[in-house]
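Visitor: Could you have a look at this structure, given as structure tokens, before my questions?
The values are calculated or read from the model by the stated rules, or taken from the named source; none is laboratory data. If you're wondering where the values come from, they're calculated on a predicted model, not measured in any experiment. Glycine also receives a Cβ, built like all others from the backbone with ideal geometry; neighbour counts cover every protein chain displayed. Protein only, heavy atoms only, side chains kept; ligands, DNA and RNA dropped before computing areas. Shrake-Rupley method; radii C 1.70, N 1.55, O 1.52, S 1.80 Å.
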Amino acid sequence: MMDKHSRSGFALATTIFALIVLGVLATGGFYLARQESRVGLASERAAAAFYLAETGANQVMSEWDVSTYGSLGYWASTSVTDTSDAGVWTVNVTKMTDRLYFLGATGGVTQGSTVLGGAGRMLGIVARLNTAEIEPEAALTTRGMTDIRGTAEVHGEDQIPPGWGPVCPDPLENKPGILTNDKNDVKYAGSGNVSGDPKVAEADPPLDDAY
């Protein structure tokens, strides 16, 4: 004969087990949601850090300091740092050859909490300097009547701008102050000055629309 009380307490154990399973599932769901949120935040901060580094490299190239970078020795470096609302960037400029430089840019995000707010990215750019080869025949090239009025000055002497000594090649070469078709077309009114080697030169062949 079966004992009617042999299954007493089974429902309670089943209920407790079900609650444990539901608790595990709920905890796992919250954990996965939290991890997904952190992954998304980390990706956003990483992208922001990369754009900061890229911004720094672009700014250094667009505001190239010829005097500072040109005077560096081979494989010597100097750094430039700036901040923005998003964070800070630093660019290390290394001179490899006279025209070849390596830019190592680092971007760091400073927004957010200490644990989840920080992010950093690095990028490297090899930059090559290209300079326009301009060889003007005079300080001022013109046709027709030319009036030097007031205190206007035209100088054909070659000189090195302040601070450009390390990057300007020698020797210096003076040019005419004015190159025109007829010297008699140049008139003076006031204390204006023209200098050069010579002050005014006539073009040969004469200047025309195709010049």
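Visitor: Can you name every residue in the stretch 127-153 that is among the hydrophobic types (A, V, I, L, M, F, W, C), within 35 Å of the chain's Cα centre (by Cα) and surrounded by 10 or more Cβ atoms within 10 Å (Cβ to Cβ)? If you could, list the steps in order and put the result at the bottom.
Guide: So the first thing to find is which residues in the stretch 127-153 are among the hydrophobic types (A, V, I, L, M, F, W, C), and the list is 127, 129, 132, 134, 138-140, 145, 148, 152.
From what is left, the residues that are within 35 Å of the chain's Cα centre (by Cα) are 127, 129, 132, 134, 138-140.
Correct list: A127, L129, A138, A139, L140.
Visitor: Out of the residues in the stretch 34-67 meeting the condition of being among the β-branched types (V, I, T) and modelled with pLDDT under 90, tell me which one is most open to solvent (accessible area, probe 1.4 Å).
Guide: V39
Visitor: Hey, another quick one. Which ones in the stretch 113-126 are open to solvent by 100 Å² or more (accessible area, probe 1.4 Å) and modelled with pLDDT of 90 or more?
Guide: M122
Visitor: When you look at K175, is it closer than 30 Å to A49 by Cα, charged (D, E, K, R) and buried (at least 17 other Cβ atoms within 10 Å of the Cβ), yes or no?
Guide: no
Visitor: Based on this model, can you work out whether P176 counts as within 34 Å of the chain's Cα centre (by Cα) and without any contact (Cβ under 8 Å) to a residue 40 or more places away in the chain? Outline the logic, then answer.
Guide: Details: within 34 Å of the chain's Cα centre (by Cα): no; without any contact (Cβ under 8 Å) to a residue 40 or more places away in the chain: yes.
Criteria not met by P176.
Visitor: Let me ask something else. Tell me which residues, restricted to the stretch 78-103, are surrounded by fewer than 17 Cβ atoms within 10 Å (Cβ to Cβ) and among the aromatic types (F, W, Y).
Guide: F102
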